[in-house]
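The values are calculated or read from the model by the stated rules, or taken from the named source; none is laboratory data. In this text, all values refer to a predicted model and were calculated from it rather than measured experimentally. For neighbour counting, all protein chains shown are included, and Cβ atoms are generated from backbone atoms with ideal geometry for every residue, glycine included. Side chains are part of the model used for accessible areas, which takes the heavy atoms of the whole protein and leaves out ligands, DNA and RNA. Shrake-Rupley method; radii C 1.70, N 1.55, O 1.52, S 1.80 Å.
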Amino acid sequence: MSHDVPVCKIMMNNARSEPGHVFEALGVTKRFGGVVAVDNVDLRLKTGEVLAVVGDNGAGKSTLIKAITGALSRDEGQLYFDGQAVQIDSPTAAKSAGIETVYQDLALVNELTVTKNIFLGREIVRDDFLGRVFGFLDFRRMDNEVRALFGKLNIRITDIYREAEAFSGGQRQAVALSKTVMFGKRVAILDEPTAALGVRESQMAMDLVTSLKDHGLSVIMITHNMQHVLHYCDRVMVLRLGRHIATRNVSEVDGDSLVALITGANEPQAAQA
């Protein structure tokens with residue numbers, strides 16, 4: 001008798017996929033023992049938008065993202081691309097489906113160069129005898145693609161042979177976000193892209209977030225920065241204690257009303273705008 005635990009159970013709520021959304025995560029629930037970290041949450045991402053996900057510490061933001069990208073197994077919930085159900089049960093499956101995720105720790109390897117970090121796990125093999133037989137890598141081609149990408153994104157990192165640990169926080173974030181542009185097909189998910197950055201570096205990172213949208217990606221961004229929400233995002237989704245409280249168009253809210261939703265000072269009549 002098999003004792004395998006299913007990665008994703010059938011949705012327990014009545015939510016259904018709706019037209020006009022590139023990606024949907026419906027009825028997502030994640031439990032850790034008796035603690036419900038994410039409770040029957042619906043997330044809908046429109047084509048070509050930046051959707052902010054906000055909430056206080058412990059609201060379930062990062063857990064929700066990990067549950068929909070396969071970093072954590074979901075207890076309940078179903079995922080959709082363009083209205084079609086998809087199964088994502090690992091980060092590799094998420095990448096194959098077209099989802100690129102940049103976590104708060106950036107996931108850069110300090111001892112590797114810029115090119116090696118960007119192509120990590122996706123290295124290009126030489127198209128000759130040495131490549132086909134022995135798997136030799138085509139570093140010249142990878143270097144050229146990185147330089148072309150940096151030029152397109154206006155990233156001013158000239159020495160791509162330096163190890164990642166030698167770069168500033170803003171430069172490291174630029175490398176992580178450029179990887180999303182390089183390989184992201186449909187959706188980019190960013191977990192606190194300006195955390196621990198100064199004002200100038202935060203501006204650079206948010207300009208790159210705008211570049212993701214300009215390059216055809218739809219973006220989900222976890223953030224605590226209300227000004228970034230109001231100036232760079234199209235809609236904002238509020239979580240509190242693992243539950244979906246509201247989703248609003250950014251044009252309909254301001255900093256005070258967002259804080260009221262986050263803290264519970266304002267209880268909306270309907271969770272979904």
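So if each residue of separation counts as 0.36 nm, and I subtract the Cα-Cα distance between residue 147 and residue 16, what length gain in nm does that give?
Residue separation times 0.36 nm, minus the Cα-Cα distance, leaves 42.8 nm.
For segment 124-133, just list the computed ³J(HN,Hα) in residue order, Karplus coefficients 6.51, -1.76 and 1.60, θ = phi - 60°, integers in Hz, with x standing in for Gly and Pro.
Couplings: 8, 8, 4, 8, 8, 4, 5, x, 5, 8 Hz.
Expressed in nm to one decimal, what extension gain is obtained for the pair residue 31 and residue 156 from 0.36 nm per residue of sequence separation less their Cα-Cα distance? Please list the in-between numbers first.
Values: separation 125, 0.36 × 125 = 45.00 nm, distance 4.32 nm.
Extending this stretch completely gives an extra 40.7 nm.
Below 14 angstrom from the Cβ of residue 111, what's the summed charge of the other residues (Lys, Arg +1; Asp, Glu -1)?
Net charge around residue 111: +1.
In degrees from 0 to 90, rounded to the nearest 10, what is the angle of the helix 169-183 Cα long axis to the longest principal axis of the chain?
Between the helix axis and the principal axis of the chain, the angle is about 90 degrees.
Between residue 85 and residue 127, what length in nm is gained on full extension when 0.36 nm per residue of separation is reduced by their alpha carbon distance?
Gain on stretching residue 85 to residue 127: 11.5 nm.
Can you give me the % of accessible surface on the chain that is carbon or sulfur? Probe 1.4 Å, all protein chains present, nothing else counted.
50 percent
Could you tally up the Lys pairs in the chain with alpha carbons closer than 15 Å? Skip any pair fewer than 8 positions apart unless they're on separate chains.
13
Separation between the residue 168 and residue 207 pseudo-spin-labels, each 7 Å from Cα along Cα→Cβ, expressed in nm?
Computed distance between label sites residue 168 and residue 207 equals 1.2 nm.
Using the Cα gyration tensor of segment 76-222, with a ≥ b ≥ c the square roots of its eigenvalues, what is the shape: rounded (a/c below 1.5), prolate (a/b larger than b/c) or oblate (neither)?
oblate
How large is the Kirkwood hydrodynamic radius of segment 169-273, in angstrom, based on all distinct alpha carbon pairs?
After inverting the pairwise mean of 1/r, the radius is 14.6 Å.
Roughly what would the spin-label model give for residue 251 and residue 185, points 7 Å off Cα along C-beta, in nm?
According to this spin-label approximation, the distance is 3.3 nm.
For residue 179, what is the net charge nearby, where nearby means another residue's Cβ is under 12 Å from its Cβ and Lys, Arg count +1, Asp, Glu -1?
On the way: positive: 95, 116, 122, 172; negative: 100, 145.
Net of charged neighbours comes to +2.
Give me the tail of P(r) for the chain as a percent: Cα-Cα pairs with distance above 33 Å.
So the pairs more than 33 Å apart make up 25 percent of the total in the chain.
R0 = 25 Å: FRET efficiency of residue 267 with residue 104, Cβ-based, nearest 0.05?
After rounding, the FRET efficiency stands at 0.30.
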